[in-house]
Amino acid sequence: MNAPTKADVLSTQELQALDSAHYLHPFTDHGDLASRGARVIVKAEGVYVWDSEGHKIFDAMSGLWCVNAGYGRKELADAAYAQMMKLPFYNSFFQTTNEPAVRLAAKLASLAPEVGGRSFRHVFFSSSGSESNDTNVRMVRRYWDLLGQPERKVIISRHNAYHGSTVAGASLGGMSGMHAQGDLPIPDIVHIEQPHYHVHAAAGESPEDFGKRAARWLEEKILAVGPERVAAFIGEPVQGAGGVIIPPASYWPEIQRIVDQYGILLISDEVICAFGRLGHWFAYEKFGMRPDLVTFAKAVTSGYVPLGGVMVGDRVAQVLIDKGGEFNHGYTYSGHPVACAVALANLELMEQEGMVERVRTELGPVLEEKFEDLQHHPLVGVAETCGLVAGLTLVKRKQGLVPFDEADGAGMICRKHCFDNGLIMRAVGDRMIIAPPLCMSLAQVDELVALIRHCLDATLTELRDKGLLA
């Protein structure tokens, strides 16, 4: 097939053929995709997307955890157009800056609350969460070098964490499938177990006791590595791609005590959790964390334009500024004027519509109440929410939370029923997760939960028909 021109109107089948012939997708089995054809998304509005066959789909994943303000916001398109016409690009190298980047850095500093005497007045811009976490590795190690402790190189993370897919980001993450490709992790990145209560708690152990015990896995690792070699601990406040793993309330305060005791840096990876997803501008405020570095991306522009960065706390920033000289790190698109202009418009829009407060006081509590009702479904062992992220675990038997065998593919069966019934809901093993746009109405919360229940019923029927349930 010849390359299409701008005037060509392509059918779904033609687009799928071109896709298979030329487009290598992220995290995809391309042989499998070629056999079935990619779903072609052609337009979007609010919380819905439409495919090339005209199907309307409730996007309960906000694209990829990012379209917080919803689709079709003219304000963001107008901001991009205006900035493109004025200054479409200039770099931030060579003692140069641009107005949108400066304004956005100041705006982000104003939104990031001071906690426990720690404040954020500086921002380093990137284009993605992966680049931002690569920046964290460079920045953390540079910080300790400047303090005369170059042996502090080890960064501790968690199994089943996700911190990006670049070499450093994938190493920081704890995804075994990613580590199996490319000889990862790179040296001096080590992992501890995740604080997943329903998997790792002892019989009869309370969430509070488990949270403290899980946090102390960090202390054990610090002592095993040697405190003099440990540079930082990185964690998502709520693990997203790992399945919406919500730690007990006692976990992060105990983590904070440990990093303070051993003098190591704390990195809060908020690529998913920031900008209202959990009912706060930044999630560290919700969990009582006092991080030194905060990773952000995704929802800073509601996904309209790629942008990421690191909020750099004063403790780190002042060392880099006062002692560091030239920091030999950066990206062509650091502080891209169009991306920064869109981010400013997005944050202004979210403030005007009170999105963050509405998640905390209205949408989040309503979603929590309705997920408690889903807990009674015969397939659901655990259903839990935190702001506007939520997850439910499919189980073979509710008594004792007996899981399905991996070969049963219960999660993928459920995901297919979701797609077939106009719902995008992600499967992480047998954990079904959502992160819907923050612009939802209460009626759309009802619609979303009704769709989930319908798909659970269809999954239950299929599993019974296949003999996988009694």
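Within region 415-432, restricting attention to residues that are surrounded by fewer than 19 Cβ atoms within 10 Å (Cβ to Cβ) and without any contact (Cβ under 8 Å) to a residue 60 or more places away in the chain, which residue is nearest to V402 (Cα to Cα)?
K416
Quick check on this structure: which one of L438, L469 is at pLDDT below 95, hydrophobic (A, V, I, L, M, F, W, C) and either more than 22 Å from E45 (Cβ to Cβ) or surrounded by 20 or more Cβ atoms within 10 Å (Cβ to Cβ) (or both)? Give the derivation first.
Values: L438 fails: at pLDDT below 95.
That would be L469, the only listed residue that is at pLDDT below 95, hydrophobic (A, V, I, L, M, F, W, C) and either more than 22 Å from E45 (Cβ to Cβ) or surrounded by 20 or more Cβ atoms within 10 Å (Cβ to Cβ) (or both).
Being closer than 14 Å to G313 by Cβ and surrounded by 20 or more Cβ atoms within 10 Å (Cβ to Cβ) is the filter here, so list the residues in region 256-273 that pass it.
Q256, V259, I264, L265, L266, I267, S268, E270
Taking region 310-365 only, how many residues are of a type in the set (D, E) and under 15 Å from A299 (Cβ atoms)? Please lay out each step first, then the result.
Here is the first cut: in region 310-365, the residues of a type in the set (D, E) are 314, 322, 326, 348, 351, 353, 357, 362.
Next, only the ones that are under 15 Å from A299 (Cβ atoms) stay: 348, 351, 353.
Qualifying residue count, region 310-365: 3.
Output the residue which, of all residues in region 95-115 that are within 23 Å of the chain's Cα centre (by Cα) and part of a loop (DSSP other than H, G, I, E, B), is nearest to T332 (Cα to Cα).
A112
Quick one: which residue in Q95, Q149 is more than 22 Å from S268 (Cα to Cα), at pLDDT below 95 and either surrounded by fewer than 21 Cβ atoms within 10 Å (Cβ to Cβ) or in contact with a Leu (Cβ under 6 Å, 6 or more places away or on another chain) (or both)?
Sole residue among the options that is more than 22 Å from S268 (Cα to Cα), at pLDDT below 95 and either surrounded by fewer than 21 Cβ atoms within 10 Å (Cβ to Cβ) or in contact with a Leu (Cβ under 6 Å, 6 or more places away or on another chain) (or both): Q95.
Show me the strands (runs of 3 or more DSSP E) found entirely inside region 264-368 where at least 3 residues are of a type outside the set (V, I, T).
Fully inside region 264-368 and qualifying: 265-269, 308-313.
Kindly list, by first and then second residue, each pair from a residue in region 172-198 that is free of Cβ contacts under 8 Å to residues at least 12 places away in the same chain to a residue that is small (G, A, S) and surrounded by 18 or more Cβ atoms within 10 Å (Cβ to Cβ), limited to pairs with Cβ atoms under 8 Å and residues at least 6 apart or on different chains.
Once the first residue is free of Cβ contacts under 8 Å to residues at least 12 places away in the same chain and sits in region 172-198, its partners that are small (G, A, S) and surrounded by 18 or more Cβ atoms within 10 Å (Cβ to Cβ) give H179/A170; H179/S171.
Matching residues to (1) among the aromatic types (F, W, Y); (2) touching a His at 6+ places or on another chain (Cβ under 9 Å); (3) at pLDDT 95 or above:
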| residue | (1), (2), (3) |
| --- | --- |
| F296 | yes, no, yes |
| L307 | no, yes, yes |
| G313 | no, yes, yes |
| I321 | no, yes, yes |
| S334 | no, no, yes |
| V338 | no, no, yes |
| L344 | no, no, yes |
| E351 | no, no, yes |
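Which of the residues belonging to region 213-243 are of a type outside the set (G, A, S), in contact with a helix residue (DSSP H, G or I) (Cβ under 8 Å, 6 or more places away or on another chain) and either buried (at least 18 other Cβ atoms within 10 Å of the Cβ) or not assigned by TED's automatic domain parsing to the domain that holds G129 (or both)?
L218, E219, I222, V230, F233, I234, P237, V238
Kindly establish whether A214 is within 13 Å of P248 (Cβ to Cβ) and touching a Lys or Arg at 6+ places or on another chain (Cβ under 9 Å).
no
Taking only region 369-397 into account, find how many residues are touching a His at 6+ places or on another chain (Cβ under 9 Å) and either aromatic (F, W, Y) or not in a strand (DSSP E or B) (or both).
Adding up the residues that qualify gives 1.
Filter region 347-373 down to residues that are touching a strand residue (DSSP E or B) at 6+ places or on another chain (Cβ under 8 Å) and either buried (at least 18 other Cβ atoms within 10 Å of the Cβ) or among the hydroxyl-bearing types (S, T, Y) (or both), then give me how many there are. Break it down stepwise before answering.
Going residue by residue through region 347-373, those that are touching a strand residue (DSSP E or B) at 6+ places or on another chain (Cβ under 8 Å) are 364, 367-368, 371-372.
Keeping just the survivors that are either buried (at least 18 other Cβ atoms within 10 Å of the Cβ) or among the hydroxyl-bearing types (S, T, Y) (or both) gives 364, 367, 371.
Adding up the residues that qualify gives 3.
If we scan region 184-206, do we find a residue that is small (G, A, S) and buried (at least 18 other Cβ atoms within 10 Å of the Cβ)?
Taking every residue of region 184-206 in turn, at least one turns out to be small (G, A, S) and buried (at least 18 other Cβ atoms within 10 Å of the Cβ).
All but one of (1) in a loop (DSSP other than H, G, I, E, B); (2) farther than 30 Å from M355 by Cα; (3) touching a Gly at 6+ places or on another chain (Cβ under 6 Å) hold for G164; state the number of the condition that does not hold.
Of the numbered conditions (1) in a loop (DSSP other than H, G, I, E, B); (2) farther than 30 Å from M355 by Cα; (3) touching a Gly at 6+ places or on another chain (Cβ under 6 Å), the odd one out for G164 is (2).
Of the residues that make up region 415-429, is at least one modelled with pLDDT of 95 or more, in contact with a strand residue (DSSP E or B) (Cβ under 6 Å, 6 or more places away or on another chain), closer than 14 Å to A390 by Cα and part of a strand (DSSP E or B)?
yes
Mind checking which residues of region 116-161 are in a loop (DSSP other than H, G, I, E, B), farther than 18 Å from R229 by Cβ and out of contact with any Phe, Trp or Tyr (no Cβ under 7 Å at 6 or more places or on another chain)? Full working, then the answer.
Start the filter on region 116-161 by keeping residues that are in a loop (DSSP other than H, G, I, E, B), which leaves 116-117, 119, 127-128, 147-153, 159-161.
The next check asks that each one be farther than 18 Å from R229 by Cβ; those that pass are 116-117, 119, 127-128, 159-161.
Answer for region 116-161, where residues must be in a loop (DSSP other than H, G, I, E, B), farther than 18 Å from R229 by Cβ and out of contact with any Phe, Trp or Tyr (no Cβ under 7 Å at 6 or more places or on another chain): G116, G117, S119, S128, H159, N160, A161.
How many residues does region 21-40 hold that are loosely packed, with under 10 Cβ neighbours inside 10 Å and assigned to a helix (DSSP H, G or I)?
Residues that pass the stated criteria total 6.
The values are calculated or read from the model by the stated rules, or taken from the named source; none is laboratory data. Remember, it's a predicted structure, so these values are computed and weren't measured experimentally. Cβ coordinates were reconstructed from backbone atoms using ideal geometry, including for glycine residues, and neighbour counts include every protein chain displayed.
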